[in-house]
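Data block below; observations after.
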Amino acid sequence: MHLADIPVPSTAAAEAAAEVVAQYSAPALVNHCIRAYLFAAARAQLDGLPVDFELLYVSAMLHDIGLEPAFDSHTIAFEQAGGHVAWVFAAGAGWPAERRRRAAGVVVAHMVGADPATDPEGHLLDIATGLDISGRGPDGWPPELLREIVAAYPRLDLVDRFLACFRDQAERKPGSSAAEAMRGGLPDRITVNPLDRLAP
């Protein structure tokens, strides 16, 4: 499998979601969102898992939007705040109520996991972000595909930016999933992510 084999939706909703993340996020986080989609969509094809690629793409673009100051919440975890943004975005895109709920659920699932039988998009986004942030499970991927994706969408200063966001979330919301990740060794894992060794 190669980067060119991964389907990327070009619907109005998909293009708008990409515009939103580019407007509010730094380039390293924009590239992270794009890689998250590409890894998730590739995993769907590698595993033969049927997915809604538009839903997956929109959710991937918006999955970290709750880390941005304009959408940050001081009362709920960033993925829950992002889920609310995804619901509102999907409503604006004209998606029916159930698909809005699914978009919100996929965003939340990237931090808490999901059953692939009931939420394949959430399951895939969890796997993809785990790879891109923590370096989880790189041996299960075609090495050339990983190199292509990282070369096309470089990691830039992702480590510093992401850790700064998660430290801030953990300090303000000690019961959140971000705080749990920090206590669970995220700083160590992100700084030795094997994807960084693929950079040109």
Using a 10 angstrom cutoff on alpha carbons, build the Gaussian network for the chain and name the most mobile of Gln169, Gln80, Gln45.
Gln45
Which whole-Hz ³J(HN,Hα) couplings does region 29-38 yield from phi under the Karplus relation 6.51 cos²θ - 1.76 cosθ + 1.60, θ = phi - 60°, glycine and proline marked x?
6, 4, 4, 4, 5, 5, 4, 4, 5, 4
Take the alpha carbon atoms of region 31-52, find their center, do the same for region 151-184, and report the distance between the two centers in whole angstrom.
22 Å
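Quick check for me: using +1 on Lys/Arg Cβ and -1 on Asp/Glu Cβ, what's the dipole size of region 10-198 about its Cα centre, in debye to the nearest 20? Walk me through the intermediate numbers first.
Numbers: 16 positive and 25 negative charges, 43 e Å.
That gives a dipole near 200 debye.
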Rounded to whole Hz and in sequence order, give me ³J(HN,Hα) for region 47-52 from the Karplus expression 6.51 cos²θ - 1.76 cosθ + 1.60, θ = phi - 60°, writing x for Gly and Pro.
9, x, 9, x, 9, 8
Have a look at Arg161, Arg147, Arg43 and tell me which one the Gaussian network model of the chain (Cα, springs below 10 Å) gives the largest fluctuation.
Arg161
In deg cm²/dmol, rounded to the nearest 500, the helical mean residue ellipticity at 222 nm of the chain, built from -39500 (n - 2.57) for every DSSP H run of length 4 or more, is -20000 deg cm²/dmol
Spin-label model distance (nm) - Ala152 vs Thr191, 7 Å beyond Cα toward Cβ
3.2 nm
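Where does the charge balance sit around Asp132 when Lys and Arg score +1, Asp and Glu -1, over other residues with C-beta under 10 Å from its C-beta?
Details: positive: Arg35, Arg136, Arg155; negative: none.
Around Asp132, the surrounding residues sum to +3.
Quote to one decimal, in nm, the extra length available between Asp115 and Ser10 on full extension: 0.36 nm per residue of separation minus the C-alpha distance between them.
On the way: separation 105, 0.36 × 105 = 37.80 nm, distance 2.72 nm.
Fully extending the segment from Asp115 to Ser10 adds 35.1 nm.
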For the chain, what's the radius of gyration and Dmax over Cα atoms, in angstrom?
15.5, 44
Please build a GNM for the chain, connecting alpha carbons under 10 Å apart, and tell me which residue among Leu55, Leu46, Leu125 fluctuates the most.
Leu46
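Quick note: the coordinates plus some simple rules give every number you see, no bench work behind them. The structure presented is a predicted model; accordingly, all values stated were derived computationally and were not measured. Note: ideal-geometry Cβ built from the backbone for every residue, glycine included; neighbour counts use all protein chains shown.
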